[in-house]
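The structure under discussion appears below in the form of structure tokens.
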Amino acid sequence: MSEYKNLKFDVERSEFRAMMGEKCPQCRQGNMFKYPLWRVDKFDKMNENCPVCNLRFEVEPGFWYGAMFVSYGFSILLLILLGVVIYWFFNDPPVMGYVVPITIISLLAVPVNFRISRSVFLHLFGFVKYKADLR
Ligand SMILES: [Zn+2]
């Protein structure tokens, strides 16, 4: 058993946690965004570089355009999910019973979707290697 003593499972810095927490993919500590999500007026303001390891978040010019496809995917998922929920829990209402709540909830989800899409895209397609020694 003693050989497992040095095996450290770093849950604090897992890739998934960093992605969901909108952290830098290289050090998994620095915030990608300047303000917390609840500052809805500035939800889209990003740090140019990681405040911890100085990684440039926009790894190549126009990189964030790719995040739009991730965002599109999340929007479709949300739309389907809400459609199913409304169908089952509100007993298949007329068309406006779908359009109005789905539109409102989709618009409210814009800041979350915007941020998480950029984070997911950077983590999955930025090809940035995690450097555990950056502490
Ligand atoms: Zn970093």
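Bear in mind that the values in this text are calculations on the coordinates, not laboratory data. Keep in mind that what you see is a predicted model, and the values were worked out from it rather than measured. FYI the Cβ positions are ideal-geometry reconstructions off the backbone, even for glycines, and counts take in every protein chain you see.
So the values come out like this:
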quantity: HN-Hα J in Hz across the range 111-126 - Karplus 6.51, -1.76, 1.60, θ = phi - 60°, x for Gly and Pro; calculated: x, 4, 4, 4, 6, 5, 5, 5, 5, 4, 5, 5, 5, 8, 10, x
quantity: Max mean-square fluctuation residue, GNM over the chain, Cα-Cα springs under 10 Å, options Arg118, Arg39, Arg13; calculated: Arg39
quantity: In the range 69-131, chymotrypsin sites (Phe, Trp or Tyr not before Pro) in a DSSP loop with at most 11 other beta-carbon atoms within 10 Å; calculated: Phe90, Phe127
quantity: Cα-based Lys pair tally, the chain, threshold under 28 Å, eight or more apart or on separate chains; calculated: 16
quantity: Residue order, fewest to most surrounding Cβ atoms within 10 angstrom, among Ile86, Ile76; calculated: Ile76, Ile86
